[in-house]
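Q: Here it is: the structure, laid out below.
The values are calculated or read from the model by the stated rules, or taken from the named source; none is laboratory data. Predicted, not measured: the structure shown is a model, and the values here were computed from it. Quick reminder, even Gly has a Cβ in these numbers, built from the backbone with ideal geometry, and neighbours come from all protein chains shown. Please note that ligands, DNA and RNA were not included when accessible areas were found on the heavy atoms of the full protein model with its side chains. Shrake-Rupley method; radii C 1.70, N 1.55, O 1.52, S 1.80 Å.
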Amino acid sequence: NMLCCEPERLFHFYGKHSHMLHCTEEETEAPVCVGLEEINQRIMQMRYHGTRVVIVSIDCQPSMNGGILVFIVGTIYWPTGASRKFSQCFVLA
C-alpha cells in the first residue's frame with residue numbers, strides 16, 4: 001500500500017548510510033543513491049503513486065550478524081496500463 005499511496009514515505013525503510021541502485025533493462029548506467037535524501041529523490045522520480053504490485057515469489061535467507069537477505073520477484077502495474085516485471089534484493093539488518 002505504501003508504494004502506491006505514499007511513495008514519499010518509502011525512504012523511511014532505509015538508514016542514513018544505506019545505498020540504493022535502481023535501473024531498467026534499457027539503462028546502461030544507473031547512479032547509486034547514498035543516504036536518505038538521495039534515495040528519497042530517486043524514489044519520487046519513479047512515479048509509483050497509483051501503481052499496483054503483484055508479487056510472484058519471495059525468498060528469504062539468513063545473512064550475516066542475524067540479518068535476513070530478501071529476494072522478491074513480481075510485476076508492477078501503472079494506472080496508464082503500462083507494466084514491468086521486477087526483482088528486488090535487500091538485507092534486513
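Q: Can you tell me which residue within segment 14-44, out of those that are closer than 15 Å to ILE76 by Cβ and either without any contact (Cβ under 8 Å) to a residue 24 or more places away in the chain or part of a helix (DSSP H, G or I) (or both), is least open to solvent (accessible area, probe 1.4 Å)? Spell out the reasoning first.
A: Step one: filter segment 14-44 for residues closer than 15 Å to ILE76 by Cβ, giving 22-25, 43.
Filter again for either without any contact (Cβ under 8 Å) to a residue 24 or more places away in the chain or part of a helix (DSSP H, G or I) (or both), leaving 23, 25, 43.
Numbers: CYS23: 75, GLU25: 169, ILE43: 8 Å².
By that ranking, first place goes to ILE43.
Q: Looking only at segment 69-89, count how many residues are open to solvent by less than 70 Å² (accessible area, probe 1.4 Å), of a type in the set (A, V, I, L, M, F, W, C) and touching a Phe, Trp or Tyr at 6+ places or on another chain (Cβ under 9 Å).
A: Matching residues across segment 69-89 total 6.
Q: Another one. Of the residues that sit in segment 47-91 and are hydroxyl-bearing (Ser, Thr, Tyr) and in a loop (DSSP other than H, G, I, E, B), which one is nearest to the chain's Cα centre (by Cα)?
A: Within segment 47-91, the first condition is being hydroxyl-bearing (Ser, Thr, Tyr), and the residues that meet it are 48, 51, 57, 63, 75, 77, 80, 83, 87.
In the following step, the residues that additionally are in a loop (DSSP other than H, G, I, E, B) were identified as 48, 51, 63, 80.
Details: TYR48: 10, THR51: 13, SER63: 19, THR80: 20 Å.
My answer is TYR48.
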